[in-house]
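Engineer: Next up is a structure, given as structure tokens.
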Amino acid sequence: MPGIFDLDRRDVISGAATGLALAGTAASPAMDAPPTDTKPSVSSQPAPELGDEETTADILVETLIAWGATHAFGIVGDGINSIVEALRKRSDRIRYVGVRHEEAAAFMASGFAKHTGRLGVCVGTTGPGAIHLLNGLYDAAFDGAPVVAFTGLTFHDLTGVRYQQSVDTVRLMQGVALYNEAVSGPEHAVIVGNRACRAAFGDRGVAHLAVSKDVQVVKRSADRRSMRNPGARTSSSWTVPLAPAPEDQIRAAAEVLNSGRRIAILAGQGALHAREEVTQLADVLGAPVAKSLLGKAVLADESPLTTGGIGDLGTAPSSWAMKNCDTVLILGSTMPWEEYYPRPGQARGIQIDLKADRVGLRYPVEVGLVADVKASLRAMLPLLRRNGDRSFLIEAQQRMSDWNGMLKKIETDRCAPLRPQMVVRALSDLLADDAIISLDCGANTHFAARCLRLRENQRLTGTGMLASMAPGLPFAIAAQLAWPKRQPVAVVGDGGFAMLMAELSTAVAQGLPVKIILLKNNSLAEVMFEQREIGNPEFGCGLAPIDFVSFAKACGADAFRCVTPDEIKPAIRAALDSRKPALVEAVVDAEEKPTKPEQLKA
């Protein structure tokens, strides 16, 4: 995964979320030369040096920097003015990105973490600002992205008396945050700031710290520790465990795989850092690899070992492989659609995941390994025998060839209104080899999941388990900030884009040349078809048309429109070549149904 693991000293960990279920290595003293007879194997874990004049806000921001945070997303407000000032004073080390809506700030923090594996940060002011963060934070929580959120609280001695904006932010975040505390002062901030970052990385999710307005400005010199606090400190560095499963479990899993003949692999985001190992494994076992949406980049789509996506967004060959296998290996995935797994009792199951509660969650596996996917596969490969019967893989490959042939007919169907598949395939052909793609949620996700052919160095993320509308553009903005020299592209629908489209002005203001491919059908098409499918009359799905080209130009971006097949590639090419943020409005057929894989027909 070029770029993600080539991190500098400030990138304290890598890959904890690329993920989202994957882990990386910390840049810490623990990674120095190996121990000798005279050198101990345990190294110190330093914390930042803090002066007496530093405030609670200063300490919290310094802690973020120590943990490798490079960007913080949010909107200023009186409830976080001191935190914003602490960010301003350190703008040479951490970049504050002002947005138009706090929901977008949280999505950007989540997207940053997903695209890079590094710490995502967002800030929201007291009351409504904090409330607005919730949707993006739930996206991070559901997909295991390491995010720290700071929110304001009203004055510490005016809580509980219905003071203006006096929302109990800690209670507000209880359902989304795996670490959730109100900071009482500078000395407390020294301890809990590190704990929040450690929790976000270690438990793969959201950590939240709420700070009263007046507490933010308290200096260490004015703080008084309790009688039981001698000056407690916590570490600001951490090494991610990358251990394989125990040897006996590895052997048990290998025995099951060696006894299988029709073996299928399901690879998710937890296997993103294990491409080489997954490739070797699939080849040895003669096993087709189905990929979850967030695991789409595990193998390039041109690989002869993959049957593409799985689930409602997937391919018929992946469904066939799961329904006809005698053994299934699940790698870092909790793909939610249970009807796309083998039937219980049909296949012997093995699963590898860093989270114990994920093992056996979707399928009753026989061997469950709570460990790192990459390390476990490395340990397992020498124990595996090459499967001489390649018939299962060969049939999967033939079915995949037929599937791609059917898709090609759809993607080259020159009709008007445009078929969205044609637009997405044209984009796929024109993308840079290292493009970073961000997906929104809706009918557009179906077309993008199937018709984007990811190449080896391209990457993709989206909203996975939450399946929220609106994050496509915020994710793309985060991708551009994280990887300034790479090409960030968002694939969105008009419904999701309109929710947070003001962030296009954020991209313009920040000088971020993100690209947006907008499939416009003036409807919430996925819900429209869902209503029809259950026999309900279509209701509430129509959208008042918006001239997105004019809107984009009003924001200062470039914009293009395509209505006919001959206009598609010129419009996309012009947008990709632009040095500014650019949008393509593709007017597509509202009657193009986002089908399940078995229902798709040319």
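Engineer: Looking only at residues that are open to solvent by 70 Å² or more (accessible area, probe 1.4 Å) and among the charged types (D, E, K, R) in segment 166-191, which one is farthest from A57 (Cα to Cα)? Spell out the reasoning first.
Structural biologist: Within segment 166-191, the subset open to solvent by 70 Å² or more (accessible area, probe 1.4 Å) is 168, 171, 174, 178, 181, 184.
Checking which are among the charged types (D, E, K, R) leaves us with 168, 171, 181.
Details: D168: 19, R171: 21, E181: 15 Å.
The residue in question is R171.
Engineer: Same structure, new question: Buried (at least 24 other Cβ atoms within 10 Å of the Cβ), assigned to a loop (DSSP other than H, G, I, E, B) and not polar (S, T, N, Q) - does that describe any residue in segment 498-507?
Structural biologist: Scanning segment 498-507 turns up at least one residue that is buried (at least 24 other Cβ atoms within 10 Å of the Cβ), assigned to a loop (DSSP other than H, G, I, E, B) and not polar (S, T, N, Q).
Engineer: Go through segment 257-279 and give me each residue that's among the small types (G, A, S), assigned to a helix (DSSP H, G or I) and surrounded by 24 or more Cβ atoms within 10 Å (Cβ to Cβ).
Structural biologist: G270, A271, A274
Engineer: For segment 549-576, give me the residue count where each residue is farther than 29 Å from E530 by Cβ and without any contact (Cβ under 8 Å) to a residue 60 or more places away in the chain.
Structural biologist: Result for segment 549-576: 16.
Engineer: If we only count strands (runs of 3 or more DSSP E) wholly inside segment 120-226, which ones have 1 or more residues that are among the charged types (D, E, K, R) and at negative phi?
Structural biologist: 177-183
Engineer: Hey, can you tell me all the residues within segment 408-425 that are in contact (Cβ under 8 Å) with a residue 60 or more places away in the chain, in a helix (DSSP H, G or I) and surrounded by fewer than 21 Cβ atoms within 10 Å (Cβ to Cβ)?
Structural biologist: K409, I410
Engineer: So in segment 368-388, with the set limited to residues that are assigned to a loop (DSSP other than H, G, I, E, B) and open to solvent by less than 70 Å² (accessible area, probe 1.4 Å), which one is nearest to L285 (Cα to Cα)?
Structural biologist: Within segment 368-388, the match that is nearest to L285 (Cα to Cα) is N387.
Engineer: From the list A254, A245, A290, A282, pick out the single residue that is in a helix (DSSP H, G or I) and either farther than 21 Å from P382 by Cα or in contact with a helix residue (DSSP H, G or I) (Cβ under 7 Å, 6 or more places away or on another chain) (or both). Quick ask: steps written out before the conclusion?
Structural biologist: On the way: A245 fails: in a helix (DSSP H, G or I); A290 fails: in a helix (DSSP H, G or I); A282 fails: either farther than 21 Å from P382 by Cα or in contact with a helix residue (DSSP H, G or I) (Cβ under 7 Å, 6 or more places away or on another chain) (or both).
Every option except A254 fails the conditions.
Engineer: Here's something else I'd like to know. Taking R579, is it assigned to a loop (DSSP other than H, G, I, E, B) and touching a residue at least 40 places away in the same chain (Cβ under 8 Å)?
Structural biologist: So R579 passes the test.
Engineer: Can you give me the number of residues within segment 455-481 that are open to solvent by 10 Å² or more (accessible area, probe 1.4 Å) and closer than 12 Å to G120 by Cβ?
Structural biologist: So the answer is 1.
Engineer: Please identify the pairs in which a residue from segment 344-367 that is closer than 14 Å to P244 by Cα and assigned to a loop (DSSP other than H, G, I, E, B) has its Cβ atom under 9 Å from the Cβ atom of a residue that is β-branched (V, I, T) and open to solvent by 50 Å² or more (accessible area, probe 1.4 Å), counting only partners at least 6 apart or on another chain.
Structural biologist: Matching pairs, first to second residue: L354/V370; K355/V370.
Engineer: Quick test for you: out of F539, F548, pick the one residue that is under 22 Å from D589 (Cβ atoms), crowded, with 16+ Cβ neighbours inside 10 Å and of a type outside the set (S, T, Y).
Structural biologist: F548
Engineer: Right, here's the next one. Within segment 129-165, how many residues turn out to be under 23 Å from the mean Cα position of the chain (by Cα), more than 15 Å from A104 (Cβ to Cβ) and open to solvent by less than 70 Å² (accessible area, probe 1.4 Å)?
Structural biologist: 8
The values are calculated or read from the model by the stated rules, or taken from the named source; none is laboratory data. Keep in mind that this is a model prediction, so the values were computed, not measured. Quick reminder, even Gly has a Cβ in these numbers, built from the backbone with ideal geometry, and neighbours come from all protein chains shown. Accessible surface areas use protein heavy atoms only, side chains included; no ligands, DNA or RNA. Shrake-Rupley method; radii C 1.70, N 1.55, O 1.52, S 1.80 Å.
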